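Right, one structure below, let's go through it.
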Amino acid sequence: MSRKIIIDPVTRVEGHGRVTIHLDEEGKVKDSFFHIVEFRGFERFVQGHPYWETPVLVQRLCGICPVSHHLAAAKAIDQIVGIDPKDLSPTASKLRRLMHYGQIFQSHALHFFYLASPDLLFGVDAPVEKRNIVAVAVENRELAIKGITMRKFGQEIIKAVAGKKIHGILAVPGGVHKTITKEEIDYFLDGKNIENIDTMIAWSQAMVNFMKEYHEKNRKFLDEFAEFPSGHLGMVNDEGGLELYDGKLRAIDSDGNITLDDISTDLYQDYFSEAVAQWSYMKFPYLKNIGREKGWNRVGPLARINLCDFIPTPLAEKARQEYFGFTGKKVNNSTLFSHWARLIEVLHCAEEMKSLLNDPDLMGDDLVRKGVGRLKGIGIIEAPRGTLTHHYEVDEKGMITRCNLIVSTTHNNDAMNTAVRWVADNVISSKGTITDGMLNQVEIAIRAYDPCLSCATQAIGKMPLKAELYNYKGELIDERCKD
Amino acid sequence: MTNGIEKKFKEPDQTQMLNRLWELQKSNGYIHDDNIKELANAFNVSEVEVEGVISFYHFFQRNPTGKYTIYLNNSIIADIKGFERIKETLERETGATFGTIDRTGTFGLFLTPCIGLSDHEPSALINFYPFINLNTSKVKDIIAKLKNGASAESICDAPADNIRYTPPGNKTVFFKKFTPGSVISKLVQATPLGIIEELKKSELAGRGGAYFPTWKKWNSAMVQPALPKFVVCNADEGEPGTFKDRVLMNREANSLIEGMIICGYTIGAEYGIIYLRGEYWWLKNKLDEAIKEYHSKGLLGEDCGNIKGFSFDIRIQMGAGSYVCGEETALLESLEGKRGEPRTKWFFPVEKGYLQLPTVINNVETFCAAAKIIEMGAEEYLKLGIPGSPGTKLISVSGDCQLPGIYEIEWGMTIEELLGLCKADDPYYIQVSGPSGECISINEKSRRMSMIDLPGQKDIRCGGSFMIFNKHRDILKILVNFSEFFKHESCGICTPCRAGNFIIQRKLDRLNNGFANETDLDEIKSWGTIMKNTSRCGLGKTAANSLIIAMDKFHDYFKTKLDKNYDGLNLKFDMDAATKDYEEYKI
Amino acid sequence: MVNITIDGKNFLAEEGKNLMQVAKENDIFIPSLCYYEHIEPPLGTCRVCICKINGRFGPACTEKVKEGLTVEVNNPELKDTRKALVEMTFAEGNHLCPACVKSGNCDLQHMGYELGISSTRFQHLFKDRTIDYKANRIVMEHNRCIKCLRCVVEVVTDDGKKVFTYQNRGFETYVGVDYEQEAKLTEEQAVNAMKICPTGAIMLRGVSIPEPFGHRKFDMESVQKNYNDETIKPNGPTAITKKRIATISLAGCFGCHMSMLDIDLGLLDLIELVSFDKSPLTDKKNFTERCDLGIIEGGCCNDENVETLKKFRENCDVLIALGECSVWGGLPTLRNSIPLSECLDEAYLNCVTNEPANNIVPYHEDLPKILDRVYACNEIVKIDYYIPGCPPDAGIIWKSVKNILWGEKNPILYSEFKYD
């Protein structure tokens, strides 16, 4: 008889999600869904609030990546006071970058050590009691200490620039409202109270090496698991190198052909649409010129490493070359390689942080700049999980009239659903007995995308986009345009 | 003796604010935006201040209120006498819904709290004229006549005074025939101190409900050096269920005026103001006439009653629909042309009252009593009532009884006796002194009514309002009505009353829905006590009184309203109601 | 000079001086929101300074000291009453400290910290109020106004006209702004208006958060000599046995969980003392055993949150509401004054033009139903303890947990007790 398998909730991810897998009478997978079950309504209730309070408000979208939202909103609000990213003072720009790298460092460390490591260390069939950070701490204390300390380092960087580890404040419209002192910088350089930045770089390098070995040992499984074609979206700098704070948007298809050619972030509306499904509160973004079926993109470390031409820091660049040397492919479409890509980014961030910490501009006193006010602001940033878009419109009095947020994980909606489907088809379908280990693999697939599901349920608000509507079966019912 | 002011004192312009607003409200049916600018300029204040005054008072409206503005009373007494039917009928007959005007702009329907006609419920004011003892056919008839163009004045009722009882043996104090000037003539021999002595002997205390010794108040004002001084009569009878002052002003305006004059003489004041609630516009003429008569007899104006150097004059200031303006200091603010927000106790009115000058404020009944006491002499007065509580008191009885109306009782009468006199119909729950007073159950019928207020002594001090409810009335409905009333009437200036009344109402909702548990009852008690201890004025202090008292006296009843399944851990939660909005999206 | 008694102790004071000033001069802390020395007569609107004066309840701010005055300040009933009034002020407005420019410099927040208010006994009222942008420089945030009356009294144009006045009455009272008069204010006067407002109700257009965390007026130090946080009363000493903890994030952003992890290496010691049952950090999707402690982050915004919360109540001995969202609803309550249909319509129906028949709003058997508003946890189940913060610092979280589980007394510092 047909049945529905439910995995609820998906654990060791941020936020709430549920997987349902529908089997027919023979136990063959008919359908699978990754439902996002949260809805908070930021884009609606931010309306009516003043723009100068927005960066502090919207960072509460997420407790793991508040900095991403804070900075993306700050970039958008900068535009509203007439400041584009290039107009910021060096001090403001670099402080924001330091905060950004700090939080990516922290967030990736959190994801890898606290959330994903049990999967990697104990294997897909590990018993439930073992699949958590506590077991990792018990079995491999050294690794746990490294992971905890790396996260701590990132959090301390954030605290030094923003006053608080989580939901701090650094950015104000047009700049920042504080700098960092010499003592605070030395804290990260001298190694007296916490391992210093060089140690962080060394540990990051060690983790990258560890991942390479891990892949060598488990090659077939990792190459094949949830491998499927898709587009990849991310940001690059003017030379095409990996860029996390401010750059141009690039997308490629699963073979590496350019589908979005380094466009300015201010033009994102011209290129993207979002679809609505009956069964999830999260929407489905895709590139208009390609269409709903194939136009969706993966975002995050896997995508970013795929589409950049190089990484501007030496050790990370070397690691990137080794990564592609390992696969031999131009583009990597295997879900579980995300972890390796993520660690390469950790290394990159550590290197960037080192050079910033040694930059005297951090202690400058030119903090805020003013320009000619505008009524619209767009801020796009590469959050740990992928491309994050904040778009605000205000009236002349400073009240937010419209807000559009496309959160990183939303882009990965289709990817995660596809990954779930892959596991369903290849691991669960027609298998007779469904074991806990099989269901665990579903979550392992989702978890590789480091989803931030609370963030992602912002799919509400006026969108000057084309929207296409699908019914339960995925049939296109209608499409509408609005400018 | 008295004054000696060379120059006539001029009240600041802004004190005319309410009068000007009334002119505009009555002639146009509402206050225009242009009017606001005009008034702001006239009184040299900012427009937002004028708007603040308008938005405070119930009867000043910024939108059209129709050619015939109908205010229907929604007090609890009206409710038990058929308010709902009248409401429906009015809407049907006029084509308007409550809170709006009909399409033609002929009728505006609005609700209003007690208008002082509890013995004639259901009742309403149309263009501020009284329409009483309403039933559906009467309403139809009235609306038909108005549609034909009749003026409200021409078809309104003249509410009967309903004086049902005075102490037998012609021992009435208030309703004995009174000749204007009969007491003023005594003033020639009397001294201010002498009058104060008489009042002290008589133990007369403020009849508005606070029962502050009258002699003390007048004495404190008397010794104030500042001039000029004012005598203010609080005719804002707003406590639901009270209508004794209405009757006094209708019948005994003379003793009221005389009482004010005596006060003026005693404390050294030249000016008297009667603050008359807006709901009693229809009584204004009578008072005006009485004042005119006093003038013509030389009893008001220069050298009143031939007392050289003693000038006294009285004007009437209309209120505009605000219960809190019955509170002394709120009344003063209203007199000054501002929002009726009670003051702090930084200074008392006797020292700094109206316009920061010495002011005595007393209730209508107090002034009438003062006049009568000086006329008959304190010794005679002491023969009435009981030791410790001499004299008589006016009680306005309404509700489930056959003879609602005015009862002048000697202090010392028991509840049971009064219930017998008014032929109460199976009384069960009695609200004494209005919603801000206390509730008693029929088990307490042997208690006496008196001013004696000692710990352990079981007497009840009644301000006037006496509302009777029989066993079939829902106690919670009564209390919810009171809670709504206080929420509507709170002035909003202090947190415990402004927020507290709203919070208490939410609790009552839970009780009504059967969602409450014992903790909720305890919380109501404790939160009500906080309101009582911390509010700025009597409204906040007494708003939760009845609720707290009722929960003890009628505990069994309240228990039936609680959630029977409460396990101490899970609050009752209405999931259906909470998901109702979302369910509308079900395909 | 006259003799007065405060809490049984004798003091000498200048006759006629305000009791609040006398108390301050003698290091006796009487909380207040609307008392300002220079305003006479005192505003007397907040009622927070309530004391017992000569045996009767009365505010300290309207009391002038005279011979023989007897004052009670610190008995348990008075302390609780004052706390209740500040709580009432919080519950009446929509005070979201995390998103407010005044946070850290706010008098209301300051009183909350001084009195150790981690939750309000009153359900928040979530009244729909607007933000008034119409004036020239001043933006009036009505959600934050505590109606202290100060701006009404003090903000006056050079030609003596008031800029602010109360409108309506009772619960509908709000501070109206006269746009014409406001335009006449000088820059300095406008800045002053923002400064004198005790909360973030009066803002200046475009002026953002002035100082960073840790440097704001009320961040670090209490004004009381003996600041004593009594919010978490320990259960009593118990033997140090291993305890089971379950955690959940309902409608939260996960920040509180992240803050729990900010004990960093302390985690390695912690896992000797606790084991985690159902939690987003473990793979236990359901309760396997009864737990000693349940930590709840986030309020309830859909029916599943409610069911999950009830399950936690059933399976845990003690429940802690962690963070502003679970304590009273927090940031998601910004949608409470907006009808749900508006939120959903705007999201899924209005972003395209017309043809409502073809537009879908997600509704599915596998999706939870969204509630009409966000509910705090204590509206659904009994909550035993509250830890405020957005997110609370790791220090305050674990001190409280240790207090509760093992009776370890760890005083919570003023600088740790924050709402943002």
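Between residues in segment C:283-295 that are over 26 Å from residue C:407 (Cα atoms) and residues that are hydroxyl-bearing (Ser, Thr, Tyr) and outside any strand (DSSP E or B), which pairs lie under 8 Å by C-beta distance while being six or more apart or on different chains?
C:283/A:11; C:284/A:11; C:285/A:11
What are the residues in segment B:216-233 that are surrounded by fewer than 21 Cβ atoms within 10 Å (Cβ to Cβ) and either within 23 Å of the chain's Cα centre (by Cα) or among the β-branched types (Val, Ile, Thr) (or both), if any?
Within segment B:216-233, just B:223 meets the criteria.
Of A:397, A:431, which residue is in contact (Cβ under 8 Å) with a residue 24 or more places away in the chain, in a loop (DSSP other than H, G, I, E, B) and basic (Lys, Arg)?
A:431
Please pick out the residue among C:125, C:108, C:115 that is modelled with pLDDT of 95 or more and not assigned by TED's automatic domain parsing to the domain that holds residue C:377.
C:108 is the lone residue from the list that is modelled with pLDDT of 95 or more and not assigned by TED's automatic domain parsing to the domain that holds residue C:377.
In segment A:266-278, how many residues are surrounded by 21 or more Cβ atoms within 10 Å (Cβ to Cβ) and more than 12 Å from chain C (Cβ to nearest Cβ)?
1
Residues B:366, B:344: which one is within 30 Å of residue B:71 (Cβ to Cβ) and touching a residue at least 12 places away in the same chain (Cβ under 8 Å)?
Within the list B:366, B:344, the selection yields B:366.
From (1) farther than 30 Å from residue A:174 by Cα; (2) at pLDDT 90 or above, pick out the condition that doesn't hold for residue A:31.
Failing condition for residue A:31: (2).
When segment B:481-507 is examined, which residues are found to be among the basic types (Lys, Arg) and either facing chain C (nearest Cβ under 7 Å) or within 20 Å of the chain's Cα centre (by Cα) (or both)?
B:487, B:498, B:506
Of everything in segment A:279-293 that's within 22 Å of the chain's Cα centre (by Cα) and aromatic (Phe, Trp, Tyr), which residue is surrounded by the fewest Cβ atoms within 10 Å (Cβ to Cβ)?
Residue satisfying both the conditions and the ranking: A:284.
Within segment C:151-158, is there a residue that is under 30 Å from residue C:338 (Cα atoms), in contact (Cβ under 8 Å) with a residue 12 or more places away in the chain and not assigned by TED's automatic domain parsing to the domain that holds residue C:378?
yes
Hey, does segment C:115-131 have a residue that's within 24 Å of residue B:51 (Cα to Cα), surrounded by fewer than 23 Cβ atoms within 10 Å (Cβ to Cβ) and at the interface with another protein chain (Cβ under 7 Å from one of its Cβ atoms)?
yes
Would you mind stating whether residue B:280 is touching a Ser or Thr at 6+ places or on another chain (Cβ under 8 Å), in a helix (DSSP H, G or I) and on the phi < 0 side of the Ramachandran plot?
no
Only one of B:522, B:556, B:552 is more than 9 Å from chain C (Cβ to nearest Cβ), without any contact (Cβ under 8 Å) to a residue 60 or more places away in the chain, surrounded by fewer than 22 Cβ atoms within 10 Å (Cβ to Cβ) and over 23 Å from residue B:473 (Cα atoms). Can you tell me which?
Criteria check complete, one pass: B:522.
What about residue B:482, is it crowded, with 24+ Cβ neighbours inside 10 Å, of a type in the set (A, V, I, L, M, F, W, C) and touching a helix residue (DSSP H, G or I) at 6+ places or on another chain (Cβ under 8 Å)?
Taking the combined requirement at face value, the residue satisfies it.
For segment C:192-215, check the following and say yes or no: at least one residue is outside any loop (DSSP other than H, G, I, E, B) and within 11 Å of another protein chain (Cβ to nearest Cβ).
yes
Give the number of residues within segment B:559-587 that are β-branched (Val, Ile, Thr), in a helix (DSSP H, G or I) and facing another protein chain (nearest Cβ under 10 Å).
The number of residues fulfilling the criteria is 1.
Quick check on residue C:376: is it within 14 Å of chain B (Cβ to nearest Cβ), in contact (Cβ under 8 Å) with a residue 60 or more places away in the chain and surrounded by fewer than 24 Cβ atoms within 10 Å (Cβ to Cβ)?
Here the answer is yes, as residue C:376 does meet what is asked.
Going residue by residue through segment A:122-135, is there one that turns out to be facing chain C (nearest Cβ under 10 Å), in a helix (DSSP H, G or I) and within 22 Å of residue A:199 (Cβ to Cβ)?
Looking for residues that are facing chain C (nearest Cβ under 10 Å), in a helix (DSSP H, G or I) and within 22 Å of residue A:199 (Cβ to Cβ), one finds at least one in segment A:122-135, hence yes.
Quick one: count up the residues across segment C:7-45 that are under 28 Å from the mean Cα position of the chain (by Cα) and surrounded by 14 or more Cβ atoms within 10 Å (Cβ to Cβ).
So the answer is 19.
Which one of these is on the phi > 0 side of the Ramachandran plot and either in contact with an Asp or Glu (Cβ under 9 Å, 6 or more places away or on another chain) or buried (at least 21 other Cβ atoms within 10 Å of the Cβ) (or both): A:256, A:247, A:240, A:231?
A:240
If you take the residues of segment B:170-185 that are within 24 Å of residue B:410 (Cβ to Cβ) and among the hydrophobic types (A, V, I, L, M, F, W, C), which of them is surrounded by the most Cβ atoms within 10 Å (Cβ to Cβ)?
B:183
Let me spell it out: the conditions are (1) in contact (Cβ under 8 Å) with a residue 40 or more places away in the chain; (2) over 16 Å from residue A:379 (Cβ atoms); (3) more than 8 Å from chain C (Cβ to nearest Cβ); (4) part of a loop (DSSP other than H, G, I, E, B), and residue A:39 meets all of them except one. Which number is the exception?
(3)
Kindly establish whether residue A:319 is over 20 Å from the mean Cα position of the chain (by Cα), within 14 Å of chain C (Cβ to nearest Cβ) and surrounded by 21 or more Cβ atoms within 10 Å (Cβ to Cβ).
It is false that residue A:319 is over 20 Å from the mean Cα position of the chain (by Cα), within 14 Å of chain C (Cβ to nearest Cβ) and surrounded by 21 or more Cβ atoms within 10 Å (Cβ to Cβ).
Only residues that are polar (S, T, N, Q) and in contact (Cβ under 8 Å) with a residue 12 or more places away in the chain: list them for segment A:257-274, please.
Once the filter is applied, which keeps residues that are polar (S, T, N, Q) and in contact (Cβ under 8 Å) with a residue 12 or more places away in the chain, segment A:257-274 yields A:259, A:264, A:265, A:269, A:273.
Return the residues of segment C:276-301 that are at the interface with another protein chain (Cβ under 7 Å from one of its Cβ atoms) and of a type outside the set (Lys, Arg); say none if nothing qualifies.
C:276, C:280, C:281, C:282, C:283, C:301
So residue C:162 passes all but one of these: (1) more than 30 Å from residue C:382 (Cα to Cα); (2) within 11 Å of chain A (Cβ to nearest Cβ); (3) not β-branched (Val, Ile, Thr). Which condition number does it fail?
(2)
When segment A:187-205 is examined, which residues are found to be touching a residue at least 24 places away in the same chain (Cβ under 8 Å) and part of a helix (DSSP H, G or I)?
Within segment A:187-205, A:187, A:188, A:189, A:197, A:198, A:200, A:201, A:203, A:204, A:205 qualify.
Tally up the residues in segment C:360-387 that are of a type in the set (A, V, I, L, M), under 12 Å from residue C:300 (Cβ atoms) and assigned to a strand (DSSP E or B), please.
4
The values are calculated or read from the model by the stated rules, or taken from the named source; none is laboratory data. Bear in mind that the values here come from a model prediction, so they are computed numbers and not experimental data. Neighbour counts are summed over all protein chains in view; Cβ atoms, including those assigned to glycine, are modelled from backbone coordinates with ideal geometry.
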